[in-house]
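Here the structure comes first, spelled out in structure tokens, and everything after it is commentary.
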Amino acid sequence: MARMTSLLIAGALLLTGLTSPARAQEPEAPTALVELQVAAPDTVDATDLAERQQLAAQFVELSVIEPMRKSTTAMVEVMLSDGAALSAEQTEWWRRQLPEALIDISEGIAAVYAPLYADRMTRAELEALLAFYETPAGREILRKTTEIGFEVGGAAMLAAIEGLQGLQVKFCGEFDCAALEAAALGAAKP
């Protein structure tokens, strides 16, 4: 069970690292999004918003989904490479299931990203992003950024797992984790 949880955490963290090369340009605080959502509908040009939404969807397809489709096999192999206590049959099951699941997750992420780009960027900025990433240099930067994101995601996954395991040990040093687990298992049974 812990192995499956680790695989799912790994996938989520890897996707986080791979999601978008332009992500670093996003504002840290979500206040801009909140302000846009609160703005009166008549202050937003509906045609411009629709065009920005379409451009944002194209950009996210290009920068999130397409790289994910190209890298899922490599991601799965890295996620399964530590040789944990999975049988050959279990490993093969994950090898069959994870690619589709990772693409589904990336599409879910894309569904969140596209509106953020549409809300925060102008039509001209989105057009410039698309134009750049469709050039040979842009494609190469996107490829390299995806590779870097994959490596960063892997390192982040390991750091998160180690940190959470340490926190769990600390928690169990102060509380009776065996009793908590028994209570949780008892509550889960009908």
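The values are calculated or read from the model by the stated rules, or taken from the named source; none is laboratory data. Please read all numbers here as calculations on a predicted model, not as lab measurements. Cβ coordinates were reconstructed from backbone atoms using ideal geometry, including for glycine residues, and neighbour counts include every protein chain displayed. The accessibility values were calculated without ligands, DNA or RNA, using every heavy atom of the protein model including side chains. Shrake-Rupley method; radii C 1.70, N 1.55, O 1.52, S 1.80 Å.
Some points to look at:
- Put GLU107, GLU66, GLU89 in order of accessible area, highest first, and with a 1.4 Å probe you get GLU89, GLU107, GLU66.
- Calculated accessible area for segment 114-190 comes out at 68 Å² per residue, all protein chains present (probe 1.4 Å; ligands, DNA, RNA ignored).
- Fraction of accessible area attributable to carbon and sulfur, segment 76-190 (%, probe 1.4 Å): 63
- The loop-placed GluC sites (Glu not before Pro) in segment 122-190, going by DSSP, that have at most 16 neighbouring Cβ atoms within 10 Å of their Cβ come out as GLU134.
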